[in-house]
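Heads up: the structure comes next, in structure tokens.
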Amino acid sequence: MMIASGLLTGSHLTKRFGGIVAVNDLSISINLLEIKCVIGPNGAGKSSLFNLLCGALRPDSGELMFKGHSLSRLALHEISRIGIARKFQVPSIFESLSVQQNLEVSVLKPQSKFELKDRVDQMLDRIEQSDMRDQFAGNLAHGQKQWLEIGMALMSEPEVLLLDEPTAGMTIDETLDTVKFIHQLSDHAAILVIEHDMNFVRALGCHTYVMHQGGIIADGPFSGIENDDLVQAVYLGKM
């Protein structure tokens with residue numbers, strides 16, 4: 001499958017674990033300030049795909065490009081520094097540090113004390129946690145932890161943000177608030193989301209890829225995807 005070039009592009013990516021093909025000749029692309037979503041049943045290969053896109057795994061074949069340059073020789077930390085950040089499925093925060101300290105330690109580029117304070121203050125406001133800056137992160141509610149980790153990822157000023165199930169464990173109201181939050185973030189970065197909650201994906205209303213057995217079986221606007229017979233068969237366990 002040929003795809004147009006984009007900010008972050010994976011072409012014919014394949015990843016095997018022994019006899020299991022987790023990602024199978026998959027091509028995907030996301031452009032600047034764009035939101036896209038990846039859905040699929042458990043075991044479809046979504047997390048393996050994200051691990052390839054952020055450099056945690058290297059493909060057995062295929063090419064990963066960022067701004068037209070190959071990422072094949074770059075280490076995980078180097079990929080983070082050039083502008084690709086990831087939020088994991090389970091919040092990965094420092095529970096024994098304050099909310100403010102979690103944001104401070106997430107900065108990758110050297111900054112003056114005043115620049116750092118200004119950036120942290122702005123991020124606290126963006127994630128709506130200014131009044132919780134001195135609280136231990138471990139004391140936050142689950143949804144607040146999810147937003148804090150997104151804030152931590154944003155402190156590196158990424159051009160591409162990979163969000164792995166950002167609404168897992170959230171209430172309905174928190175989920176809808178996160179939809180609004182992600183749309184606001186798309187003014188600053190391209191965002192690729194993995195999600196199981198179809199109500200969230202429907203509300204997000206973006207271009208959606210459907211994965212099954214390591215490959216993409218459908219992609220397009222979610223309004224069309226959810227009525228696709230093949231997609232429904234996959235989700236109903238008929239394939």
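Would you check which residues across segment 3-45 are among the hydrophobic types (A, V, I, L, M, F, W, C), assigned to a strand (DSSP E or B) and in contact (Cβ under 8 Å) with a residue 60 or more places away in the chain and list them?
To start, the set of residues in segment 3-45 that are among the hydrophobic types (A, V, I, L, M, F, W, C) comprises 3-4, 7-8, 13, 17, 20-23, 26, 28, 30, 32-33, 35, 37-39, 44.
With assigned to a strand (DSSP E or B) added as a condition, the list becomes 8, 13, 17, 20-23, 26, 28, 30, 35, 37-39.
Result: L8, V21, A22, V23, L26, I28, I30, I35, C37, V38, I39.
Name the single residue that is nearest to the chain's Cα centre (by Cα) among those in segment 191-228 being part of a helix (DSSP H, G or I) and of a type in the set (V, I, T).
V201
Can you tell me which residue in segment 51-86 is most open to solvent (accessible area, probe 1.4 Å), limited to those that are assigned to a strand (DSSP E or B) and more than 19 Å from K109 (Cα to Cα)?
So, considering only residues that are assigned to a strand (DSSP E or B) and more than 19 Å from K109 (Cα to Cα), the one most open to solvent (accessible area, probe 1.4 Å) is H69.
Just need a number here: residues in segment 100-136 that are surrounded by 13 or more Cβ atoms within 10 Å (Cβ to Cβ) and more than 14 Å from I150 (Cα to Cα).
12
Kindly provide the set of residues from segment 189-208 that are over 13 Å from K46 (Cα atoms) and acidic (D, E), ordered by number.
D197
Being within 18 Å of T208 (Cα to Cα), assigned to a strand (DSSP E or B), open to solvent by less than 60 Å² (accessible area, probe 1.4 Å) and touching a strand residue (DSSP E or B) at 6+ places or on another chain (Cβ under 7 Å) is the requirement here; does S48 meet it?
No, not satisfied.
For segment 151-177, which positions are more than 18 Å from A85 (Cα to Cα) and of a type outside the set (G, A, S)?
Result: M170, T171, I172, D173, E174, T175, L176, D177.
So P91 ticks every box in (1) buried (at least 22 other Cβ atoms within 10 Å of the Cβ); (2) touching a helix residue (DSSP H, G or I) at 6+ places or on another chain (Cβ under 8 Å); (3) not in a loop (DSSP other than H, G, I, E, B) but one. Which box is left unticked?
Here P91 clears every test but (3).
Restricted to segment 190-239, and to residues that are on the phi > 0 side of the Ramachandran plot and out of contact with any Leu (no Cβ under 9 Å at 6 or more places or on another chain), which residue is least open to solvent (accessible area, probe 1.4 Å)?
G220
The values are calculated or read from the model by the stated rules, or taken from the named source; none is laboratory data. Just so we're clear, the structure is a prediction, and the values are computed from it rather than from any experiment. Cβ sites come from the backbone with ideal geometry, for glycine too, and all protein chains shown count toward neighbours. Keep in mind that these areas ignore ligands, DNA and RNA; they rest on the heavy atoms of the full protein, side chains included. Shrake-Rupley method; radii C 1.70, N 1.55, O 1.52, S 1.80 Å.
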